[in-house]
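Notes for the one structure printed next.
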Amino acid sequence: MPRKSPLPRKTLRRWLVRLGLALLLLSVLPVVILRWLPPPGSMVILDRWLGEGAPQAYAWTPLERIAPAAALAVVAAEDQKFPVHYGFDLGAIQDAVAERRNGRQLRGASTLTQQVARNLFLWQGRSLLRKGLEAWYTAWIELLWPKRRILEVYLNIAEMGERTFGVGPASRRYFDRAPEQLSREQAALLAAVLPNPVRLRADAPSAYVRERQRWILRQMTQLGGPRYLAEILPD
């Protein structure tokens, strides 16, 4: 009996390429769905829950029920070019690389969109694969979501303390008030812990957190206050 000829390499390669493209396009489906529906959680929340074996405080809060000061505070603290960039702050990336070459510690240059992509869809770590997927999701989020939606999701999934995710649970836990009632000072304090919400605390702020809070308040004023986000925030 004659042997069956093996699958030609070109055919195999073609099918592998098609499979890869199909998987990538399938990965866009959650981005499309979450453009309209509140996320049930995030990969960071899932990771914390599995690692700690304890419930994580998370509750979706629409943007119109969050104080404008909270939105401005996170933009002032984390990504001041958020209203105008397309997902990547190339200037910040170049500055971070230059500082690294000069022997300084590599600092983060992630935009709010990149943080949403990473925290919502991906695992924690610094592998090239994860960075590549982060860029992939960032591009699709910027393409499919308006800035208002990106900011809304960020404010809801950002880790703001131990087992506390989002402005809603954080404002109730730390200030015993609804998120729409946050003051500028309280909003800046929540934003001040964002670099390391596991170590930094809004309920017992260190001198560093207080100094960072004051810096954020100054940045909020220099940006022009709430009108800086006038085209993004609801009326």
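The values are calculated or read from the model by the stated rules, or taken from the named source; none is laboratory data. Every value quoted in this text rests on a predicted model; they were computed, and no experiment measured them. For neighbour counting, all protein chains shown are included, and Cβ atoms are generated from backbone atoms with ideal geometry for every residue, glycine included. Ligands, DNA and RNA are excluded from the accessible area calculation, which covers all protein heavy atoms including side chains. Shrake-Rupley method; radii C 1.70, N 1.55, O 1.52, S 1.80 Å.
Can you list the helices (runs of 4 or more DSSP H) lying wholly within region 146-211 that have 1 or more residues being within 18 Å of the chain's Cα centre (by Cα) and of a type in the set (S, T, Y)?
Values: elements: 147-157, 167-175, 184-192.
Of the helices (runs of 4 or more DSSP H) lying wholly inside region 146-211, those with at least 1 residues that are within 18 Å of the chain's Cα centre (by Cα) and of a type in the set (S, T, Y) span 147-157.
Is it fair to say R163 is closer than 30 Å to L24 by Cα and surrounded by fewer than 20 Cβ atoms within 10 Å (Cβ to Cβ)?
Working: closer than 30 Å to L24 by Cα: no; surrounded by fewer than 20 Cβ atoms within 10 Å (Cβ to Cβ): yes.
Against the criterion (closer than 30 Å to L24 by Cα and surrounded by fewer than 20 Cβ atoms within 10 Å (Cβ to Cβ)), R163 does not qualify.
Can you tell me which of G87, G132 is modelled with pLDDT under 95, open to solvent by less than 60 Å² (accessible area, probe 1.4 Å) and not in a helix (DSSP H, G or I)?
G87 is the lone residue from the list that is modelled with pLDDT under 95, open to solvent by less than 60 Å² (accessible area, probe 1.4 Å) and not in a helix (DSSP H, G or I).
Mind checking which residues of region 151-160 are open to solvent by less than 10 Å² (accessible area, probe 1.4 Å) and touching a residue at least 60 places away in the same chain (Cβ under 8 Å)? Spell out how you get there, then give the answer.
Residues of region 151-160 open to solvent by less than 10 Å² (accessible area, probe 1.4 Å): 151, 153-158, 160.
Listed by number, the residues that qualify are L151, V153, Y154, L155, N156, I157, A158.
Looking at region 58-84 only, could you name the residues that are open to solvent by 50 Å² or more (accessible area, probe 1.4 Å), in a helix (DSSP H, G or I) and not acidic (D, E)?
R65, P68
When region 209-226 is examined, which residues are found to be in contact with a helix residue (DSSP H, G or I) (Cβ under 7 Å, 6 or more places away or on another chain), among the hydrophobic types (A, V, I, L, M, F, W, C) and under 18 Å from M160 (Cβ atoms)?
V209, I216, L217, M220
Determine the pairs where a residue that is under 12 Å from Y86 (Cα atoms) and of a type in the set (A, V, I, L, M, F, W, C), located within region 134-147, has a partner that is outside any helix (DSSP H, G or I) and open to solvent by 40 Å² or more (accessible area, probe 1.4 Å) with Cβ atoms under 7 Å apart, the partner being 6 or more residues away or on another chain.
What qualifies is L144/R35; W145/R35.
In this structure, does L144 turn out to be open to solvent by less than 50 Å² (accessible area, probe 1.4 Å) and not charged (D, E, K, R)?
Working: open to solvent by less than 50 Å² (accessible area, probe 1.4 Å): no; not charged (D, E, K, R): yes.
When the stated conditions are applied, L144 does not pass them.
Identify all residues within region 220-235 that are open to solvent by less than 30 Å² (accessible area, probe 1.4 Å) and in contact (Cβ under 8 Å) with a residue 12 or more places away in the chain; write none if there are none.
Step one: filter region 220-235 for residues open to solvent by less than 30 Å² (accessible area, probe 1.4 Å), giving 220, 224-225, 229, 232-233.
Selection gives M220, G225, L229, I232, L233.
Name the single residue that is farthest from V74 (Cα to Cα) among those in region 116-129 being open to solvent by less than 20 Å² (accessible area, probe 1.4 Å) and touching a residue at least 40 places away in the same chain (Cβ under 8 Å). Steps first, please.
At the first step, the residues of region 116-129 found to be open to solvent by less than 20 Å² (accessible area, probe 1.4 Å) are 116-117, 120, 122.
With touching a residue at least 40 places away in the same chain (Cβ under 8 Å) added as a condition, the list becomes 116, 120, 122.
Numbers: V116: 13, L120: 17, L122: 21 Å.
Ranking the candidates gives L122 first.
Which condition from (1) touching a helix residue (DSSP H, G or I) at 6+ places or on another chain (Cβ under 8 Å); (2) farther than 19 Å from G161 by Cα is the one that L26 breaks?
(1)
If a residue must be over 19 Å from G168 (Cα atoms), at pLDDT 90 or above, open to solvent by 70 Å² or more (accessible area, probe 1.4 Å) and among the aliphatic types (A, V, I, L, M), how many such residues does region 26-57 contain?
Here the count works out to 3.
Take L217 and tell me if it is surrounded by 19 or more Cβ atoms within 10 Å (Cβ to Cβ) and more than 20 Å from the chain's Cα centre (by Cα).
Values: surrounded by 19 or more Cβ atoms within 10 Å (Cβ to Cβ): yes; more than 20 Å from the chain's Cα centre (by Cα): yes.
Yes: the conditions hold for L217.
So, P30, is that one outside any helix (DSSP H, G or I) and closer than 27 Å to T111 by Cβ or not? Spell out how you get there, then give the answer.
Details: outside any helix (DSSP H, G or I): no; closer than 27 Å to T111 by Cβ: yes.
Against the criterion (outside any helix (DSSP H, G or I) and closer than 27 Å to T111 by Cβ), P30 does not qualify.
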